[in-house]
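This report refers to the structure that appears directly beneath it.
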Amino acid sequence: MSRLGTIGARLYRGEIGYDFVAKRKFWYAVSILITITAIVGLAVRGLNMGIEFKGGAVFTTPKTSASVSQAQEYAEEASGHQAIVQKLGNGTLRIQVSELDTATATKVQNELAKDLDIAADKIDAELVGPSWGEQIANKAWQGLAIFMVLVVIYLAIAFEWRMALAALIALIHDLTITVGVYALVGFEVTPGTVIGLLTILGYSLYDTVVVFDGLKEGAKDITKQTRFTYSELANRSLNGTLVRSINTTVVALLPVAGLLFIGGGFLGAGMLNDISLSLFVGLAAGAYSSIFIATPLVADFKERDPQMKALRKRVLAKRARSEQEEPEGGATAGDEPQDALPGDAAAAAAGGSGVVGQRGRGRGKSSGRRR
């Protein structure tokens, strides 16, 4: 078995692990800092809305020897607005200029024809009204609202309302970060960006639901044992799916990174940037939130439950008694059999902080080295 596979198996069995839940305040602080940065970037810089949302004209020229920079300079001089120029594979140019009406678009078309030494009727001009982009945005908001409501209802029925609330917070966290990155980077927001934003919600929710499912199974009859608190059980479920979540995210990020950095950056296919950036940032943020936000939030919410508070007191009291009764280097006086962990009696849970080793000991076993 590969080293990663061995680590994944040991994480799943609870032999090793990292206590994400115990360090949740640190991760909350990191997430709040990132979210505030994204909101400030959005408020200060704003979004660079594409022509579909602001309205304007798209000019497509026949094959020409003019460079992208030259065409951009000609278009900006003729229109007085910022222009986006892309060179297509067949040598033609696609020139976008926002906020142009019909009369101005005709003037820009004639000026471009003169500067590029092309007949004006050979340049294809297409006007785009802002109302079309507004309709897309409204439909996107409606779809997002419906999606959120359905997600909350499903998770509340399939799991419980605390998990539904944690998943909703994680989704809002991912969307905020992704939109904030667009504002800070200055990439153009197009209908492709909207599609990418809606797509990442499913990816973000997937890992969260996987962890919640394991937590739900493991938490059955949790109050009938005194070995683990709910937070420790949540952390164990998170560690059990950690390698799977990482592998899924990396496999999904690789092709998206190819589109963003190679297709959009190296090859200059700027049309790929609008959707690839949203997917790349959203996938990374979704993996982060499922590990560091959603599950710790569920543990926080659940630990406020009176039954879980009582369970924590019993668990800590039993551990305190065991430490007091255990002779140094010898067998525990009055050693009791360990309670079975719901769903898996043989595995140990994450406890304390940092990397966690095996903790389970059977009846009559010494606390030191086995003889």
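The values are calculated or read from the model by the stated rules, or taken from the named source; none is laboratory data. Only a predicted model underlies this, so the values are computations on that prediction, with no experimental measurement involved. Here the Cβ positions follow ideal geometry from the backbone for every residue, glycine too, while neighbour counts run over all protein chains shown. Accessible surface areas use protein heavy atoms only, side chains included; no ligands, DNA or RNA. Shrake-Rupley method; radii C 1.70, N 1.55, O 1.52, S 1.80 Å.
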Quiz item: Between residues in region 306-320 that are more than 9 Å from residue 227 (Cα to Cα) and residues that are open to solvent by less than 40 Å² (accessible area, probe 1.4 Å) and assigned to a helix (DSSP H, G or I), which pairs lie under 6 Å by C-beta distance while being six or more apart or on different chains?
Solution: 308/230; 308/302
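Among the candidates 183, 166, which residue alone is open to solvent by less than 40 Å² (accessible area, probe 1.4 Å) and in contact with a Lys or Arg (Cβ under 7 Å, 6 or more places away or on another chain)?
Working: 166 fails: in contact with a Lys or Arg (Cβ under 7 Å, 6 or more places away or on another chain).
After ruling out the rest, the residue left standing is 183.
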Exercise. Hand me the list of helices (runs of 4 or more DSSP H) wholly inside region 1-100 holding 2 or more residues that are surrounded by 15 or more Cβ atoms within 10 Å (Cβ to Cβ) and either touching a Leu at 6+ places or on another chain (Cβ under 7 Å) or at pLDDT below 85 (or both).
Key: 3-13, 51-54, 68-79
Quiz item: Within the group 196, 214, 258, which residue is modelled with pLDDT under 85, in a helix (DSSP H, G or I), surrounded by 17 or more Cβ atoms within 10 Å (Cβ to Cβ) and more than 16 Å from the chain's Cα centre (by Cα)?
Solution: 214
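I'm trying to understand the selection: among the residues of region 225-255, which are among the basic types (Lys, Arg) and either in contact with a Leu (Cβ under 7 Å, 6 or more places away or on another chain) or at pLDDT 85 or above (or both)? Lay out the reasoning, then the answer.
Within region 225-255, the first condition is being among the basic types (Lys, Arg), and the residues that meet it are 227, 236, 244.
227, 236 - these are the residues of region 225-255 that are among the basic types (Lys, Arg) and either in contact with a Leu (Cβ under 7 Å, 6 or more places away or on another chain) or at pLDDT 85 or above (or both).
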Quiz item: For region 149-163, how many residues meet the condition of being under 19 Å from residue 286 (Cα atoms) and either open to solvent by less than 30 Å² (accessible area, probe 1.4 Å) or in contact with a strand residue (DSSP E or B) (Cβ under 6 Å, 6 or more places away or on another chain) (or both)?
Solution: 3
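Go through region 129-143 residue by residue and tally those that are open to solvent by less than 30 Å² (accessible area, probe 1.4 Å) and either without any contact (Cβ under 8 Å) to a residue 60 or more places away in the chain or outside any helix (DSSP H, G or I) (or both).
Looking only at that region, the number is 1.
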